[in-house]
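Chemist: To start, I am sharing the structure in question, which I have written as structure tokens.
The values are calculated or read from the model by the stated rules, or taken from the named source; none is laboratory data. Predicted model, so just to flag it, every value in this text is computed and none were measured. For neighbour counting, all protein chains shown are included, and Cβ atoms are generated from backbone atoms with ideal geometry for every residue, glycine included. For the accessible areas, the whole protein counts, side chains as well, though only heavy atoms, and no ligand, DNA or RNA atoms are used. Shrake-Rupley method; radii C 1.70, N 1.55, O 1.52, S 1.80 Å.
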Amino acid sequence: MFKTATKIGITSLLRRRTRSALLILMIAVSLWGLLFIEGIYDGMTEQMIANAIRSDSGHISIFADGYRLNPDLSRWIENTIELDEFLNERQQIKSTVARLKQDGLVATAHYSRGIAILGIDLEREANHSHLEGYLRHGELNFGERQRGAIIGFKLAKKLKVAIGNKIILSAQNSAGEMASTALKVKGIIKTHNMAFDENAVFIAAAKARELLSMPTGISQIAISIANEGEIASLQQQLQEEFPNLTIKRWDELYPALQQSRVLMAGFKQVINIIIFSIAALGIFGVMLVSVLERMREFGIMLAIGTKFSQIGIIILVEASILGCAGFGLGALAGFSTLYYFKIYGLDLSVFSSALDEFGLDAITYAIIRPDYFFTALAAIILASVFSIIIPLRILKKTKPVDAINAI
Amino acid sequence: MLIKLALRNLIAYKKRTIVTVLLTTITTALLVFSTAWMDGSHQTMIKNAVEIYPGYLQITADKFRDSPSFDHLIFDADTVSQQLSQNQDIATFGARFESFVLFSANEKSVGGMLTGIEPEKEQQLSRLYSSLHSGDYLKTTDTNSAYIGIELARRLKVDIGDEIVFIGNGADYSFAADTLKIKGLFQTGLYEFDASAAFIAKPYFDVIMAADNYATHFIVQPKHPEQTVELAAQLGETIGSQYQSASWNQIMAELVKAMEIDSLFGYITLAIIFIVVFFVIMIYTLLTVFGRIREIGVLRAIGTTPRQIFTILLLESCVLALISVIAGGLLGGAFAYYFELHPITLSGFEDQFKQYGLAVSAIPTAFEPWTILRDMAVMFTLSVLSTIYPIIKVNRYKPVEAMRHV
Amino acid sequence: MSDFLKIQQINKTFQPDKEVRIEALQDINLEIEAGDFVVISGPSGSGKTTLLNIVGGLENATGGTVILDGQNVTGLAEKELSHLRRNHIGFIFQAYNLIPVLNVRENIEFIMKLQGTTQRACDQGVEEIAKKLHIDDLLKKLPHQLSGGQQQRVAVARAVAAEPKLILADEPTANLDSQNAATLMDMLEHLNQHEGITIIFSSHDPMVIERAKHSIVLKDGKVVSNERFN
Ligand SMILES: Nc1ncnc2c1ncn2[C@@H]1O[C@H](COP(=O)(O)OP(=O)(O)O)[C@@H](O)[C@H]1O
Ligand SMILES: [Mg+2]
């Protein structure tokens, strides 16, 4: 039966070539556009999130109790040995970094600004957040005597400093006194995390301890793990083990980014619904006309004993062929496009200064998720099935004799 | 005659008429409303960003914008002031002196911006006054009273009446420090700003910072904010080559560009929806036109020229497109108008907005008749264009072929 | 009297597939005088429709020429053909083929309008024709509200409205009962005799064929008989 139905279906689709081609093209083009939007927009959202995770929070950040509300030197994580042991034991943890953080002032001969001073272990930081990928000028090196500093590109622009220029850092030390040190700019980075690009100065951890008179203690430990699915459980384990520390997931630290993700998911759903409803309308029109035109043909088939359900199958097969051809073509085009942009990226550097505002790189790498295709396939099959319901009902109401006599 | 035939056909072939009108109407309404929404939200964001503090027009010394150091100050504020007061297109203006300092209190210190302002004038120039959260706003005669951001107060753990200390540089690069008493707190909603800015009256500022008759910039409030660009150009000519005037779209070029790119992505998304819509319109036109191919063949046989057939079919498309575009324009326009008067409030997404420098969650749409007409024209053109292929295709048939077509 | 319509060496080959070639018309030579009342008969598939289509400029001949009133029809471009059909030839089809969305009056005046006739002249013309063809009480009806006989009469009215020199009718009575067929033939005869319009129609109904003044018989694309009665 299916073989016959397919044969009849293909023949009749070929008989109305323009129409079939147009419909297939419509499905393909809409799917292509949809996949493009989904892949690129997801790529952008995930990039913003990845930048925040890489440059700052990791998947999980650990702070001393109360530090988040009052980030001062009296609220640092004091005993890190136990914590280090615990973290070292966990297989799922990819990397961890410890940072010292204190608000301060950066000044040049002509200009000054409030910033956050971040004392880091450059090697661990490089491994954790792939700092080299963020480096724009200079090198990732604090120099032998640890008198170097790495700053964000926006801050560099505001301070009008370049590699090799001197800056002066001032901050309050643990004794409550102002302490200052002169440093040389060794590297300029662009993390696309505004908090860092505009407001952070990275210095060697040892230098920070010296400046702040803090021989021990850490303000933040950022953890990045291999499998995002395990974030919540690790957070729970940590919290149970260290009840007097604050353990935060990245989405708790960057609620706006989490909102972006939710917003984007909703947005994609709406676009999906709009596009597939319109596409369904297209399939419906074609199927309806194709049934109406062939009333006679179907009437004869009914008259010679074909079952109504068999005619239903013929029509369904026709609709499915159209739907699947459209899907195949669109999925292929969409996949190739996204694959290209996944490898080479979509270069929007024309807008790069504007993209900075959004925390985006100039080049967006597309994301390809299998569920784009599954959703689309399901939607197209659904649309095809729905599109033949009304034509079939009209056909059912018509008696074979009337159908044959109808011109 | 041709018009009559076209109209009759539209009534006779209802399926195509309904689908085309419905789709085009909804799409037009969608475009009109989306444009109003995007423009509205961008205007709100920019207006907010501009009016909270930076102002519509800034006058600085020539090199200050590129290299904002104390070497490039306005060293003769009175002369500039005099010149500005002669301009008819300026509503008000005021001088500011911004400097970056370290604030400390309660063993806490925080880097921030201390600015000397002319308190009375500033009321018309920015939203500092209207953003008063608690305490009092500044007076020109105030001495060491400070008006500081609420987040900055939180970071320093101080409140109204408490004292803070600042350390910084005077205009002559000398060391400057003083104790300030907090007179009022403000909350603009822009976190960054609220967490770093503090203001004192300029006369006192000038004394402690050795900045008498100096300013980093002047803020100018035009009488007609929509003509800021022209005013900036005009001032640039008249004020002298040692000064520079910049309008908000130069000062906030990045934000403006960010809005453009946001619109760009909005339009890309809409474009993809439109493509699908126009394919559907094309398909329905094709179905109808080919459903009538016998009739078209007969028309040709009895002497109607291909051009006349083309005219009939095109007229049909135009009528449909016109009806839908008008309906869609009215519908979308009505929504745009309604939501301009009753802004949409997106509570719960404040964090998201703050990220883009938007301090409010109520966003009015922008009801702009010319933009709506432009969108309608675009949709009309697209809608008619999408029917051209079927029309040309059916016209290529010879009369006999058409009459014989199954 | 000089020949009004000359059909010289007309050939028509259809080639729907690479392998199939249909010789629909072979070396047709005919001469028809002005005011003639011609029937083309012959079995189904003998080439009647094809011949009428070629004469009316609806189909291109593979070879040969058709000269209508001194004008070579076979060489004309599409636009000139439209013009020719509109102003000089009236068509009547087997399936009536009225424009479904226009009422009877509008169907009749359609070509007049295309010709640029004023509304007043149109109204006058339509009234006149309708009276003559006894359809004056149908003018406001739509085609689907009419019987087959009525529709075909309207089709005749439409063909006449343009005041053509020649009317081509392809099996105009095939879908009609004998009563209606006779009425229609009366009408065509009347037009031929009183208006002097040359009429060529095809048919295989003997009752219709015998009313013609000039009978041409086709078979397998060839003229097998061509005689004039007086
Ligand atoms: N468009 C066409 N394509 C292929 N063959 C055709 C076409 N039109 C007519 N024929 C063939 O030409 C021959 C003459 O047809 P036609 O003129 O319609 O005959 P009649 O009108 O006498 O019945 C027939 O064999 C018919 O099958
Ligand atoms: Mg025939």
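Chemist: Starting from region C:3-69, pick out the GluC sites (Glu not before Pro) whose DSSP state is loop and whose Cβ has at most 15 other Cβ atoms within 10 Å.
Modeler: Working: sites: C:E19, C:E23, C:E31, C:E33, C:E59; in loops: C:E19, C:E59.
Those that pass, being in a loop and sparsely packed, are C:E19.
Chemist: Probe radius 1.4 Å, ligands and nucleic acids left out: which of B:H224, A:H59 has the largest accessible area, and how do the rest follow?
Modeler: Output order, biggest surface exposure first: B:H224, A:H59.
Chemist: While we're looking at this one, here's another question. Short version: ³J(HN,Hα) in whole Hz for each residue of region A:14-28, in order, from phi by Karplus 6.51 cos²θ - 1.76 cosθ + 1.60 (θ = phi - 60°), x for Gly and Pro, what are they?
Modeler: 5, 5, 10, 4, 4, 4, 4, 4, 5, 5, 4, 4, 4, 4, 4
Chemist: Hand me the GluC sites (Glu not before Pro) from region A:22-102 located in a DSSP loop with no more than 11 other Cβ atoms within 10 Å, in residue order please.
Modeler: Details: sites: A:E38, A:E46, A:E78, A:E82, A:E85, A:E89; in loops: A:E78.
When the GluC sites (Glu not before Pro) of region A:22-102 are filtered for loop state and at most 11 Cβ neighbours within 10 Å, A:E78 remain.
Chemist: Right, another one. For region B:111-126, just list the computed ³J(HN,Hα) in residue order, Karplus coefficients 6.51, -1.76 and 1.60, θ = phi - 60°, integers in Hz, with x standing in for Gly and Pro.
Modeler: x, x, 10, 10, 10, x, 10, 9, x, 5, 5, 4, 4, 8, 9, 8
Chemist: Further question: Let me check the size of chain B from its C-alpha atoms; what are the radius of gyration and Dmax in Å?
Modeler: Radius of gyration, then largest Cα-Cα span, for chain B: 31.0, 99 Å.
Chemist: So, one more: For chain A, with only Lys/Arg (+1) and Asp/Glu (-1) charged at the beta-carbon, what is the dipole magnitude about the Cα centre, in debye rounded to 20? Don't jump to the answer; show the numbers that get you there.
Modeler: Details: 41 positive and 37 negative charges, 452 e Å.
With only Lys, Arg, Asp and Glu charged at Cβ, the dipole is about 2160 debye.
Chemist: Here's a follow-up. Output the residues of region A:105-154 meeting this criterion: accessible area (heavy atoms, 1.4 Å probe) in the chain alone minus accessible area with all protein chains in place is 40 Å² or greater.
Modeler: In region A:105-154, residues shielded by partner chains: A:L105, A:H110, A:Y111, A:S112.
Chemist: Mind jotting down a quarter of the surface of the convex hull over the alpha carbons of the protein assembly as shown, in square nanometres, one decimal?
Modeler: Mean projected area of the Cα convex hull: 55.9 nm².
Chemist: Sequence-distant or interchain residues sharing an amide H contact under 5 Å with B:F186, placed H: which?
Modeler: Hits under the 5 Å cutoff: B:H133, B:I148, B:G149, B:I150.
Chemist: Taking DSSP loops as anything outside H, G, I, E and B, show the longest stretch in chain B free of trypsin sites (Lys or Arg not before Pro) there with at most 16 other beta carbons within 10 Å. Walk me through the numbers on the way to the answer.
Modeler: Values: sites that count: B:K63, B:R65, B:K139, B:K157, B:K223, B:R396.
With trypsin sites (Lys or Arg not before Pro) excluded where exposed in loops, chain B gives B:224-395 as its longest stretch.
Chemist: If you don't mind, there's one more thing I want to ask. I'd like the mean, over residues of B:88-101, of how many other protein chain beta carbons sit within 10 Å of each residue's own Cβ.
Modeler: On the way: counts 0, 0, 0, 0, 0, 0, 0, 0, 0, 0, 0, 2, 10, 5.
Rounded to a whole number, the mean comes out at 1.
Chemist: Specify the longest stretch of chain A that does not include any exposed loop site, a site being one of the trypsin sites (Lys or Arg not before Pro) with a non-H, G, I, E, B DSSP assignment and at most 16 other Cβ atoms within 10 Å. Walk me through the numbers before you get to the answer.
Modeler: Values: sites that count: A:R68, A:R90, A:R145, A:R147, A:K160, A:K307.
It runs A:161-306.
Chemist: If DNA, RNA and ligands are ignored and the probe is 1.4 Å, what is the ranking of C:D69, B:D178 by accessible area, most exposed first?
Modeler: C:D69, B:D178
Chemist: Sticking with the crude label model, points 7 Å out along Cα→Cβ, report the distance from A:F267 to B:S67 in nm, one decimal please.
Modeler: Taking the simple label geometry, A:F267 and B:S67 are separated by 4.1 nm.
Chemist: Positive end of the dipole of the protein assembly as shown, charges at C-beta (+1 Lys, Arg; -1 Asp, Glu), about the Cα centre: which of A:A331, A:A280, B:G240 has its Cα farthest in that direction?
Modeler: Going by the charge dipole, the pick is A:A280.
Chemist: Helix by helix through chain B, keep the DSSP H runs that span 18 Å or more along the axis on Cα and average at least -0.5 on Kyte-Doolittle, and give those back in order. Please list the in-between numbers first.
Modeler: On the way: long enough: B:14-52 (55 Å, 0.52); B:253-291 (55 Å, 1.90); B:306-341 (51 Å, 1.44); B:369-395 (38 Å, 0.96).
Passing helices, by number: B:14-52, B:253-291, B:306-341, B:369-395.
Chemist: Now for a different question. Does anything in region C:55-82 have its amide N under 17 Å from the 7 Å Cα→Cβ label point of C:F14, and if so which residues?
Modeler: C:55-63
Chemist: Calculate the tail of P(r) for region B:108-174: the fraction of all Cα-Cα distances greater than 18 Å, expressed in %. Could you put the intermediate results ahead of the total?
Modeler: Values: 971 of 2211 pairs.
Tail of the P(r) past 18 Å holds 44 percent of the pairs.
Chemist: Which residues' amide hydrogens lie under 5 Å from the amide hydrogen of B:A176, considering only partners 5 or more residues apart or on another chain, with H built in the peptide plane?
Modeler: Under 5 Å from the amide H of B:A176: B:G168, B:N169, B:G170.
Chemist: Then there's this: What's the center-to-center distance, using Cα atoms, between region A:315-372 and region B:123-141 in Å?
Modeler: 50
Chemist: Let me ask something else about it. Counting pairs of alpha carbon atoms under 8 Å apart in space and at least six apart in sequence, what relative contact order in percent does chain C give?
Modeler: Numbers: 432 pairs, mean separation 65.4, N = 230.
Once normalised by length, the contact order is 28 percent.
Chemist: Follow-up. Spelling out what I want: for every residue of region C:202-215, take phi, set θ = phi - 60°, compute 6.51 cos²θ - 1.76 cosθ + 1.60 (Karplus), and round to whole Hz; glycine and proline get x.
Modeler: 10, 5, 10, 9, x, 4, 7, 4, 5, 8, 7, 8, 9, 10
Chemist: Quick check: pseudo-label points 7 Å beyond the Cα along Cα→Cβ at C:H194 and B:Q124, how many nm apart are they?
Modeler: In this crude spin-label approximation the distance works out to 9.3 nm.
Chemist: Return the whole-Å distance between the Cα centroid of region C:162-230 and the Cα centroid of region B:200-231.
Modeler: Cα centroid of region C:162-230 versus Cα centroid of region B:200-231: 99 Å apart.
Chemist: Give me D for region A:256-387 in µm² s⁻¹, whole number, from Stokes-Einstein with Rh from the Kirkwood sum over alpha-carbon pairs, 20 °C and 1.002 mPa s.
Modeler: On the way: Rh = 18.0 Å.
The calculation lands on 119 µm²/s.
Chemist: Please give the helix C:178-190 orientation as an angle from the longest Cα principal axis of chain C, in degrees from 0 to 90, rounded to the nearest 10.
Modeler: Around 90 degrees separate the two axes.
Chemist: Still on this structure, I have one more. Normalised by the residues of region A:66-243, what does the relative contact order come to in percent, with Cα pairs under 8 Å and at least six apart? Walk me through the intermediate numbers first.
Modeler: Numbers: 330 pairs, mean separation 54.4, N = 178.
Averaging sequence separation for qualifying contacts and normalising by length gives 31 percent for region A:66-243.
Chemist: Let me ask something else about it. Quick one: Debye curve from the alpha-carbon atoms of region B:55-250 only, equal weights, vacuum; give me log10 I(q)/I(0) at q = 0.10 Å⁻¹ to two decimals.
Modeler: -0.40
Chemist: 5 Å is the cut-off here: which amide hydrogens, built 1.01 Å from N in the peptide plane, fall below it relative to A:I225, excluding neighbours closer than 5 in sequence?
Modeler: A:H59, A:K94
Chemist: Where in region A:119-169 are there GluC sites (Glu not before Pro) that are in a DSSP coil and have at most 15 other Cβ atoms within 10 angstrom of their Cβ? Let's see the in-between values first.
Modeler: Values: sites: A:E123, A:E125, A:E132, A:E139, A:E144; in loops: A:E139, A:E144.
Listed in order of number, the matching sites are A:E139, A:E144.
Chemist: Under 8 Å for C-alpha pairs, at least 6 residues apart: give me the relative contact order for chain A, rounded to a whole percent. Walk me through the numbers on the way to the answer.
Modeler: On the way: 657 pairs, mean separation 107.4, N = 407.
So the answer I get is 26 percent.
Chemist: Here's a follow-up. Tally up the carbon and sulfur contribution to the accessible surface of the protein assembly as shown as a whole percent, 1.4 Å probe, everything protein left in place.
Modeler: Details: 25190 of 44720 Å².
About 56 percent, which is the carbon plus sulfur part of the accessible surface.
Chemist: Also, I was wondering about something else. How many angstrom lie between the Cα centre of region A:55-95 and the Cα centre of region B:283-311?
Modeler: Distance between centres, Cα-based: 77 Å.
Chemist: Considering just Cα atoms, how many Å³ per residue does the convex hull of region A:66-243 enclose?
Modeler: Numbers: hull volume 21.9 nm³, N = 178.
Dividing the Cα hull volume of region A:66-243 by its residues yields 123 Å³.
Chemist: Report the semi-axes of the equivalent ellipsoid for chain C in whole Å, largest first, where each axis is √(5λ) for an eigenvalue λ of the Cα gyration tensor.
Modeler: On the way: eigenvalues 166, 77, 62 Å².
Ellipsoid semi-axes (Å, largest first): 29, 20, 18.
Chemist: Would you mind finding the longest exposed-site-free stretch of chain C, with exposed trypsin sites (Lys or Arg not before Pro) meaning DSSP loop and at most 13 other Cβ atoms within 10 Å? Present the calculation step by step, with values, prior to reporting the outcome.
Modeler: On the way: sites that count: C:K18, C:R21, C:K140.
Between exposed loop sites, the widest span is C:22-139.
Chemist: Roughly how big is the B-C contact, given as buried accessible area in Å² (both sides, 1.4 Å probe, nearest 100)?
Modeler: Details: alone 20190 and 11350 Å², together 29310 Å².
So the total buried area for this chain pair works out to about 2200 Å².
Chemist: Once every DSSP H run of n ≥ 4 in chain B is given -39500 (n - 2.57) and the sum is divided by its residues, what mean residue ellipticity at 222 nm do you get, rounded to the nearest 500 deg cm²/dmol? Display every interim value, and only then the final one.
Modeler: On the way: 15 runs with 223 residues, N = 406.
Result for chain B, helices only: -18000 deg cm²/dmol.
Chemist: Return one whole number: the accessible area per residue of region B:214-370 in Å², for a 1.4 Å probe. Write out the running numbers ahead of the final one.
Modeler: Working: 6370 Å² over 157 residues.
Per-residue value: 41 Å².
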